[in-house]
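Below is one structure; the comments refer to it alone.
Please treat every number below as a calculation from the coordinates, not as lab data. All values reported here derive from a predicted model rather than from experimental measurement. Neighbour counts are summed over all protein chains in view; Cβ atoms, including those assigned to glycine, are modelled from backbone coordinates with ideal geometry.
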Amino acid sequence: MPEPYDRFIALYPYPHERIRRGEPHEELNRRYLNRCEKGREEGFTPVVVALDQTLLGTMLNNISVRTGVPSESVTAEQVRQHTHTIIEEYHSALAGASVESLAHAAFERLSPDTFKGSYHELIEGEALIIPGEYGTEATAVQPKPLTLMSAYINEEADTQNSDAAGELILLDMPVTEPAEALAYLPFGGWVGCPDAADFMAIAHYWQERDEAVPAVVAAQYTEFYTPEPVNTTLDAAILAAEQCMLSPAMLTDVYRGFSKLSESLYGSHNWYIWWR
């Protein structure tokens, strides 16, 4: 059986950098931002892939289910076919809908009670937002450096337990619409985590509304990067509710409460979403 890296690169034969384990987190953040700038000029989208056997197996299984090809036989061509099918289905749906409505449909499928309840109240202005320390009106957010969680995990990884963090690969995805990178890298689809089609619909919405793009894909988490952080209490609360619909674990295992999650998103250039 080939190593995960060899199998992955055979499926995704695109320019990439292998990130050294233990590399200072600032270095990966710098490299990622440099690739973002280069990608805008040359027409690609950089994504950090935290590669391990679990992530690779999940993606292969998802591609297998859609294409009917056994996971061990999936090739780069099947990856492209799978990707193009998801993208074409999205654009067909978009012909009779909006980016927002397709994302809202995905949110409702993931968490109907939250969507119809607290989220609806927030987007309709019916929820009571208690002013917090982090802003009630649109303000000039103090610049914060990009701090990808994957960069910290890689920096602190025990070299004797290399499987725990996976190998970081900074991959140049051949897409000009960053949200479509999630169709190429179908890492979700299990109970409580959206599949590639729903996640791409949500990513398109965040891209349109917040200029947010997928930055990291891992077996149990993803990260988004935005150059324009949310800067009101209401916007932070709406985004927090959206992330809770993607993963209920955000409240119970990561931030220990809605207000903590909402506050963490205010002024932040990166969004970390984790699944149990």
Legend entry - Label-reachable residues, segment 238-265, where backbone N falls under 17 Å from a point 7 Å from GLU156's Cα toward its Cβ: 253-256
Inset, instruction - Sum -39500 (n - 2.57) across every DSSP H segment of at least 4 residues in the chain, then divide by the residue count to get the 222 nm mean residue ellipticity, nearest 500. - result: -14000 deg cm²/dmol
Inset, instruction - Measure off 7 Å from each Cα along the Cα-to-Cβ vector at GLU26 and THR54, then give the distance between these two points in nanometres to one decimal. - result: 3.1 nm
Inset, instruction - List the relative contact order of segment 4-274 as a percent without decimals, with contacts defined as Cα pairs under 8 Å and 6+ residues apart. - result: 29 percent
Inset, instruction - Mind checking which of GLY43, GLY96, ALA157 is farthest towards the positive end of the chain's charge dipole, using Cβ charges of +1 (Lys, Arg) and -1 (Asp, Glu) about the Cα centre? - result: ALA157
Legend entry - Selection from GLY57, TYR205, GLY189 lying farthest towards where the dipole of segment 4-274 points positive, charges on Cβ: GLY57
Inset, instruction - Can you give me the three principal axis dimensions of the chain from its C-alpha atoms, in Å, biggest first? - result: 55, 44, 38
Inset, instruction - Between HIS91 and THR176, with labels modelled 7 Å along Cα→Cβ, what's the label distance in nm to one decimal, could you check? - result: 1.1 nm
Legend entry - Separation of the ASP113 and THR147 label points, Cα + 7 Å toward Cβ, nm: 3.3 nm
Legend entry - √(5λ) per eigenvalue of the Cα gyration tensor, segment 199-276, largest first, Å: 17, 16, 10
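To the nearest 0.05, how large is the calculated FRET efficiency for GLU37 and GLU208 if R₀ is 22 Å and r is the Cβ-Cβ distance? Could the numbers behind the result be given before it?
Details: r = 21 Å, r/R0 = 0.94.
So the FRET efficiency works out to roughly 0.60.
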